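The values are calculated or read from the model by the stated rules, or taken from the named source; none is laboratory data. From a predicted model like this one, the values you see are computed outputs, not experimental measurements. A quick note on method: Cβ atoms are made from the backbone with ideal geometry, for glycine too, and the neighbour counts reach across all protein chains shown. What goes into the accessible areas is simple: the full protein's heavy atoms, side chains included, and nothing from ligands, DNA or RNA. Shrake-Rupley method; radii C 1.70, N 1.55, O 1.52, S 1.80 Å.
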Amino acid sequence: MFQLQDPRMLQMLEKSLRKFLPESLKVYGTVFHMNQGNMFKLKALVDKWPDFNTVVVRPQEQEMTDDFDHYTNTYQIYSKDPKNCQEFLGTSDVINWKQHLQIQSSQSSLDEKIHNLAAIKQVKVKQSQCILYMMPKTARRLLPSLTEANNLTLKIGKPKFINEELFKLSSLDVTHATLVDKFWHFGGNERSQRFIKRCIQTFPSFCLLGPEGTPVCWNLMDQTGEIRMGATLPEYRGQGLISYMLFATTQALDKLGFPVYNHTDKANNIIQKASHNLHHVRLPCDWNQWQCVPL
């Protein structure tokens, strides 16, 4: 196992991971943001260097002090050789299987190995699998061969008009974390609220303020660079606000040079329709999360 601490090594890793997109996307996005300042205090581990097979990005040990906080205890994994990565992932110095944790990856092919390790380590595992989208400008920059092969239009779709007198584009404040958490599918507890606050404090976030000056629609970014936790208050749904938010978010993050992507549940037809209308590129790989709990 090697920890890549030198900034030059992390830049090399980012460049290498780019060659394996879109399957490496979750790790690529995380390493990209590590190279922008590493504000989430993460570290990158590889099985060998420079010709690695498997890379794991995880928090530094001093950040993982709560054994029950799977929001913090999150591992991003990419492997060039999913069939032979089990030994590396089973090492205690790589993944602390004694904690509540979650593993994220754009590779569904890791599922068998993660379940094998869960059985060996006596861990209960639950997988969530979602649709993964990349925004047009990001796809044009990072995945030209994919877009050309599928004859995809990379023109940016525009949302429907909204009343800009009633709805003002703004950013979230940490005091909004409770509201965001209430509507987050993976949230609903004190630890998720703490994670949301940290994301709001660290990364760009966006919201629409309604007539009363409070958020009615929002999304934010996590440590992997993904747009996440988007929602609209029930009484404001059906007005195209989420499409407007996605469009505004994409435009702002594109200007910063960030890789822009998001996931949505396979049953969430509203976000799928909005993504289609905005010409977001549906990727051939999935968004995967494995939540692991020691027995």
Condition test on GLY213, is it exposed (fewer than 13 other Cβ atoms within 10 Å of the Cβ) and not hydroxyl-bearing (Ser, Thr, Tyr)?
yes
Leading residue by the ranking (most open to solvent (accessible area, probe 1.4 Å)) among those in the range 5-35 that are among the polar types (S, T, N, Q) and modelled with pLDDT of 95 or more:
GLN11
If we keep only residues of the range 206-247 that are of a type in the set (A, V, I, L, M, F, W, C) and in contact (Cβ under 8 Å) with a residue 60 or more places away in the chain, then the residue nearest to ASN288 (Cα to Cα) is LEU246
For the range 235-273 the number of residues that are surrounded by fewer than 17 Cβ atoms within 10 Å (Cβ to Cβ), among the aliphatic types (A, V, I, L, M) and under 19 Å from MET221 (Cα atoms) is 3
I'd like the residue in the range 178-211 that is of a type in the set (A, V, I, L, M) and within 14 Å of MET221 (Cβ to Cβ) and, out of all such residues, is farthest from the chain's Cα centre (by Cα).
VAL180
Just to confirm my filter: which helices (runs of 4 or more DSSP H) fall fully inside the range 111-216 and include at least 2 residues that are touching a strand residue (DSSP E or B) at 6+ places or on another chain (Cβ under 9 Å) and under 30 Å from SER79 (Cβ atoms)?
111-121, 136-142, 144-149, 190-202
Among the residues that make up the range 120-136, is at least one of them over 16 Å from the mean Cα position of the chain (by Cα) and at pLDDT below 95?
yes
Return the residues of the range 58-77 that are open to solvent by 30 Å² or more (accessible area, probe 1.4 Å), under 16 Å from SER192 (Cα atoms) and either without any contact (Cβ under 8 Å) to a residue 40 or more places away in the chain or among the aromatic types (Phe, Trp, Tyr) (or both); say none if nothing qualifies.
GLU63, THR65, ASP67, PHE68
Whether any residue in the range 78-87 is in a loop (DSSP other than H, G, I, E, B) and touching a residue at least 40 places away in the same chain (Cβ under 8 Å) is what I want to check.
yes
Only one of these conditions is not met by MET135: (1) aliphatic (A, V, I, L, M); (2) surrounded by fewer than 21 Cβ atoms within 10 Å (Cβ to Cβ); (3) outside the structural domain of MET9 (by the TED database). Which number is it?
(2)
Exactly one of VAL180, VAL174 is surrounded by fewer than 19 Cβ atoms within 10 Å (Cβ to Cβ), hydrophobic (A, V, I, L, M, F, W, C) and modelled with pLDDT of 95 or more, and that one is VAL174
